[in-house]
Amino acid sequence: MAIDFPNSPNVGDVHSDGGANWRWTGYAWRRIPDPGAKGEPGDKGIKGEIGETGSEGDKGDKGDAIKGDKGDAIKGDKGAPGNDAPTTFTGLTDTPSSFSSQANKLLSVNSAANAVEFIPQSDVNQDTTYDLVTSSSGSNVQLLLDASSGDDDPILITAGTNVTFGGVSATGFTINTADTNTTYDLSVPSGTTKIRLDPSDASGDDDVEIAGGTNVTVTRNNGNKLTISATDTNTTTFIGLSDTPSSYTAGKTLKVNGAGNAVIFADDDHTTYDLSVPNSTTKIRLAGSDSTEDDVEIAGGTNVTVTRNSANKLTISSTDTNTDTNTTYSISVVNGDNSDEEKIRLTGSDSTTDDVVLEAGTGLSISRSGDKITFANIDTGSGSNNTFIGLTDTPSSFSSQGGKVVRVNAAGNSLEFVNSGSVGTDSFADAISFSSGTLTLSRNNGLADLTTTIPLSGITGDFTDLDDTPSSYSGAASRYVRVNSGANGLEFVTAATVGGAISYNNLQNLPSLFDGNYNSLSNLPTIPTNNNQLSNGAGYITSVSGQNYNSLSNLPTIPTNNNQLTNGAGYVTSSGNTIIGTDSDINTSGATVIDQLNMTDGVIQSHSTRTMTYADLGLPNNAKAKSTFAHNYSDTSYSGSSYQGNNFGTHISCSLTPSNSNNRVVIMAHFQIKRNGSQNNNAYARARITGGGDISHTEIVRTNNISYVDSFNQFSLIAYDAAGNTSNRTYNLAVNYTSGSGSSGVSIRHASIVAIELSSS
């Protein structure tokens, strides 16, 4: 049974299913513990520390000729090596004596467990490997964990009720279920009009009889067919009805009989009417069957005549007495003879025309649309833009004019900025304001306010209404205003954009910055240079004379020989090298290894490091194989022309760039797939590996077996890319479905694809 692993796991995530635990490694789910995988090699034991070599003592003064007391007969600890102590690894007593012919070998404890020795890398990590093998065991299946060494571990899978095993091989088997359901046949028994349900078991038949009613007959044709017929008793004529007369009688009318249960033909006793135009008249006459008459006369008025054509027709005519022979005219607009002209045309009823030519003057354009002529202002002024300061009779800059108002200059030929306090209170205007394109003048002398609209292009009440400013504040919150790159208008920009163009030095009124020099500070403290500058400095000891250590009381006894110490026997009494350990911490994280140890008297003084190479692992230096992986565990359905016919649509992809042009790439994919919708003999679901540099498409074709429609089945694909270059390749797991009746596409899930570079060495 497939395991529904979660999508997008993080490295180290654990998933439990069926009592088993799985951990995501970053590229695959690995079972904990993995019964089928080679066990992780244990960490190599840490080599025991070599005991410290006693430092060579300084050659002491020749001692007194006093022979020391003989020590107790207890054998003391092994003394420190003498002056000939080994200074190399191979010089130790429990290590190999030489590095010769030992290149790339590893260090291991010998079988006697009393020394270390060099061994080939091939002798390391010879762990037991396992193969999972499937085989038949009667009607059951046995799973065997086949160990490369030691005992095998078998598991017997027993077939239960209505379960059988098929297709058993070393790599798998099929679990089948036996159908024990009751089936039924539906038939029409001979000599009957019954429909019979015949079960496969002995529970007995179940019949339903089909019988004909009034005007209905039921006939058995064969074991699978009944024919039900009806006799048509309906009529298609009025006299064929049961409540109508059985025949027609000329001149009679239809009425309900006296019993009120049918209709009959009877003599017509009602007055009827004829409508006609009497001979030699212009009257319309309604003549009743009872000899009554009713006339409406149609008479002609001025220039109108009424004529009787027949008993059923009157003609009403009029005489045209109009004697007007004047010419009438229609007006229209037509194209002018030149691009700056259009015409208004007067067309007479006598086919004469008369045109009025409209010509666009300076600063205007003219155009025609149907019977409409439009004049447009194309004069944007003599300046380069339509701004207020761009006009010829206005100030040229807003700089330093904040808060000022606009006034006609003394010469009366242009406008100028002036302080608002200089605006007079003459008899014409004592206040001026501008808002939303409207100039408002407040007049004195008891006159009402006058509001005048100034039609100056580009002059409005809002910043965004100017011709050289942004048209809207939308989306410009917290932004700044800057002259655009064309130097012909303003634009909104972000603070980051401003920061790229404005530096601190561009600002005005910059403060004087501290230069970091202590002497540049003010109110510096006076630092004493002599203790007599201190408030209580007088009397402090400035020198000591006449003092001697031996003049002190309670002097300690300083040992001059290690035998004066409680546990001094055998301890080092002198050393030629007091450096113990290294001059810096050893850090070989990542792929860094110790390259050289510098030692003196068997003590590490310093070290150097280098990056580990493939040669350190016994591999060629070009062995730089890579791998890449992609997955999508979700259930995904595809339909449409992109996944149909000869078109394969990509489900997941992974990319890899070979390290060496001599290397090659193997691609593997695993997935579950099914075809959606109903089936026929030409409908399948397919998947293939595509892409890469030089691969043949590998394909799995799904049959129309119903099991491939109702449920997912899992498959694996493998491909080989023979391209010999170091270009980047993309490999795809692509899906497809063939068209057919009831086709609804293809579904895929639990898909993964991995590309692995193979070294040529």
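Rule-based calculations on the coordinates, nothing more; no lab input. Because the structure is predicted, anything quoted here is derived from the model rather than measured. Quick reminder, even Gly has a Cβ in these numbers, built from the backbone with ideal geometry, and neighbours come from all protein chains shown.
The table below lists the values:
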item	result
Amide proton proximity set for Ser137, modelled H, under 5 Å, gap of 5+	Gln142
Length released on extending from Ala287 to Thr180, taking residue separation times 0.36 nm less the Cα-Cα span	29.2 nm
Order by protection proxy (mean Cβ within 10 Å, highest first), peptides 687-694, 182-189	687-694, 182-189
Theoretical gain in end-to-end length, Asp320 to Arg407 [0.36 nm per residue, Cα-Cα removed]	23.9 nm
Residue among Leu186, Leu226, Leu197 farthest towards the positive dipole end of the range 184-230, charges placed on Cβ	Leu226
Estimated FRET transfer efficiency (Ser276, Tyr248; beta-carbon r; R0 25 Å; 0.05)	0.30
Amide H contacts of Ser659 (H built 1.01 Å from N, under 5 Å, at least 5 apart or other chain)	Lys626
Exposure proxy order (Cβ contacts within 10 Å, fewest to most) of Phe463, Phe165	Phe463, Phe165
Of the chymotrypsin sites (Phe, Trp or Tyr not before Pro) in the range 465-498, those whose Cβ has at most 15 other Cβ within 10 Å and which sit in DSSP loop	Tyr473
Per-residue ³J(HN,Hα) for the range 215-222, Karplus 6.51 cos²θ - 1.76 cosθ + 1.60, θ = phi - 60°, Hz, x for Gly and Pro	6, 10, 10, 10, 10, 7, 8, 7
FRET efficiency for Ala487 and Asp17, using Cβ-Cβ distance with R0 set to 56 Å, rounded to 0.05	0.20
Nearest-0.05 FRET efficiency for Ser190 and Ala230, computed from C-beta distance (R0 22 Å)	0.35
For the range 396-401, 3J(HN,Hα) per residue [Karplus equation, 6.51 cos²θ - 1.76 cosθ + 1.60, θ = phi - 60°, Hz, x = Gly/Pro]	8, 7, 8, 4, 6, 10
Listed residue (Val277, Gly251, Gly370) projecting farthest to the positive dipole end of the range 243-391, Cβ model	Gly251
Extension gain from Leu106 to Ala259, taking 0.36 nm per residue of separation minus the Cα-Cα distance	42.3 nm
Whole-Hz couplings from phi, Karplus 6.51/-1.76/1.60, listed for the range 647-652; x for Gly and Pro	8, 10, x, 6, 9, 9
Proxy reagent accessibility, fewest Cβ within 10 Å first, across Asp274, Asp198	Asp274, Asp198
